[in-house]
Structures are given as C-alpha cells and as structure tokens.
Amino acid sequence: MPKDSTANRRAKPSAAPLAKRQQGDARRVTEPRAAEGWDLDPGEVNTEYASFVQRQLALLGEDPSREGLVKTPERVANAMAWLTRGYSQCVEDVVGDALFEEEHRNMVMVRDIELYSLCEHHMLPFFGKAHVAYIPNGRIVGLSKLPRIVEVFARRLQVQERLTEEIAGAIEDVLTPTGVGVVIEAYHLCMMMRGVEKQNSKTITSAVRGSFRDDARTRTEFLYLAHGRDVFAP
C-alpha cells in the first residue's frame, strides 16, 4: 500500500533570485552511483523463479544443463525482477519533496519520455514514448519526476490503455493541477513478432483530465505540442 505522503507533498517556496544565491564549489560535486548492473549481479536471486525458468526450458525441448543455458534461469529471474520493479515502488517515494510553490499558470510538458513495459497478455515487451503535460495550480514538480512517475507504472505488467490513465491519475493526485494530459505512442511485440505480424503499426492512447478535457483550446495545444505541428498542418 502507498505510504501516507502528506508531509512529502508540501510544496517548497519559490527559489531566491539568482543574484542572491550563493555560488557552489563545483569541485565538491560528486556524480551519483549508477544502478547499472543490478539486474546482472543483484543481492539475491529469486531461486523459486529461476527453478521455474529451468523447468520452462525443459518443456520447450531444450537441455537446461548445456553450457549456454546453465545460468539462463538466474539471468531471467534477475531480468524479470528489474523489468517489473515498479511493483515495489510508489509515486510518493519517487516524487519525494520535489514540489515547489510557483505561480506559473501555463502548460508544462515533458515530451518523448522513453518507455518500456511488458504486455500482461503475452508478457512480451511494448515500447515507445510518453508525452506528459500539466497546468500548475500554485505548485510545480521537478521535471525529472515526470519520467520517474512514468517508470513506476511502466515497470509492471501492463496494457497501454491502463498505463496511460495511471500516469495521468498519479500526476493529478500529487499536484492537484488544473489539467493533466498524457499521450503514449508504442509498438507492441505481441503484434509484431506473433499473430498478425504487423511491424509498422503504432498504438496511440491518451488520457486528459481537467482543463485538458473541458477546454478545447487547451486540448488542441496539448495535442499540437505532443504530436508536432505536422499533424495539424493544413
């Protein structure tokens, strides 16, 4: 269950003017350690899942003991833990205290957020881009938090329609903005590798809340920015 994040949602005051800010020492700034390699060398391997993968290989007619497959069960277990890590995350934690009081009342958009997820029907990947926008109502969120919110929900077994709505709902809950808009464009391997095998088909879904739904001009501006001017050119 998500944590009670009332304290975390308190907006910070507006930043001081540039002239009054203290200059930092760039030599003391350290780069954060990357999370790369976690899926290759995690602290614990889900041995039960690895045993299941080993049995799966045998059912496919493979020999799980041959050299190329000996470590495959552990690798798959580690990879699935990484690809579905959204189950252990919540929006409140990834947003933290990155909320700020600002009187900006115009649209804020982050476009082309890379997105990777797994279709819950076949557990095959779908991937693409998310375009996320909102109109502030007295406070804004750190820009990097919008892609992080996308990640929380994308890193679960999903359908694109629900994923789009969950992202919009989370932003609405965290910021209480006057409007929210989300568009996702994605390619689904369940359509490309199997079944109809249509490699060039793209699925587009949208979710609009508040002024993005009720005000035609706001909705048009959002779609114009999300899809680019060529879509609306005469």
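The values are calculated or read from the model by the stated rules, or taken from the named source; none is laboratory data. No experiment lies behind these values; they were computed from the predicted model shown. All Cβ positions, glycine included, derive from the backbone under ideal geometry; neighbour counts span all protein chains shown. Calculation scope for accessible area: heavy atoms of the full protein, side chains included, ligands and nucleic acids excluded. Shrake-Rupley method; radii C 1.70, N 1.55, O 1.52, S 1.80 Å.
So here's what we get for this one:
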{"quantity": "Scope the stretch 188-205; condition open to solvent by 70 Å² or more (accessible area, probe 1.4 Å), within 17 Å of HIS131 (Cβ to Cβ) and either free of Cβ contacts under 8 Å to residues at least 24 places away in the same chain or polar (S, T, N, Q) (or both); matching residues", "calculated": "ILE204"}
{"quantity": "Residue in the stretch 174-187 that is farthest from GLU101 (Cα to Cα), counting only those that are under 16 Å from the mean Cα position of the chain (by Cα) and open to solvent by 10 Å² or more (accessible area, probe 1.4 Å)", "calculated": "TYR187"}
{"quantity": "Single condition PHE212 does not satisfy, out of (1) over 17 Å from the mean Cα position of the chain (by Cα); (2) hydrophobic (A, V, I, L, M, F, W, C); (3) open to solvent by 40 Å² or more (accessible area, probe 1.4 Å)", "calculated": "(3)"}
{"quantity": "Failed item in (1) open to solvent by 80 Å² or more (accessible area, probe 1.4 Å); (2) over 26 Å from LEU115 (Cα atoms); (3) in a helix (DSSP H, G or I); (4) not polar (S, T, N, Q), with GLU44 passing the rest", "calculated": "(3)"}
{"quantity": "ARG75 charged (D, E, K, R) and free of Cβ contacts under 8 Å to residues at least 40 places away in the same chain", "calculated": "yes"}
{"quantity": "Some residue of the stretch 50-73 being part of a loop (DSSP other than H, G, I, E, B), modelled with pLDDT of 95 or more and on the phi > 0 side of the Ramachandran plot", "calculated": "yes"}
{"quantity": "Close pairs from the stretch 206-234: first under 22 Å from LEU175 (Cβ atoms) and of a type in the set (Ser, Thr, Tyr), partner open to solvent by 50 Å² or more (accessible area, probe 1.4 Å) and modelled with pLDDT of 95 or more, Cβ under 7 Å, at least 6 apart", "calculated": "SER211/THR178"}
{"quantity": "The stretch 152-181, residues that are of a type outside the set (Val, Ile, Thr) and in a loop (DSSP other than H, G, I, E, B)", "calculated": "ARG155, ARG156, PRO177"}
{"quantity": "Subset of the stretch 91-146 [closer than 21 Å to ASN200 by Cβ and of a type in the set (A, V, I, L, M, F, W, C)]", "calculated": "LEU115, CYS119, LEU124, PHE126, PHE127, ALA130"}
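For (1) modelled with pLDDT under 95; (2) outside any loop (DSSP other than H, G, I, E, B); (3) open to solvent by less than 40 Å² (accessible area, probe 1.4 Å), each residue gets a yes or a no:
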{"position": "ALA81", "(1), (2), (3)": "yes, yes, no"}
{"position": "ASP93", "(1), (2), (3)": "yes, yes, no"}
{"position": "MET109", "(1), (2), (3)": "no, yes, no"}
{"position": "GLU114", "(1), (2), (3)": "no, yes, no"}
{"position": "PHE126", "(1), (2), (3)": "no, yes, yes"}
{"position": "ALA130", "(1), (2), (3)": "no, yes, yes"}
{"position": "ALA133", "(1), (2), (3)": "no, yes, yes"}
{"position": "VAL150", "(1), (2), (3)": "no, yes, yes"}
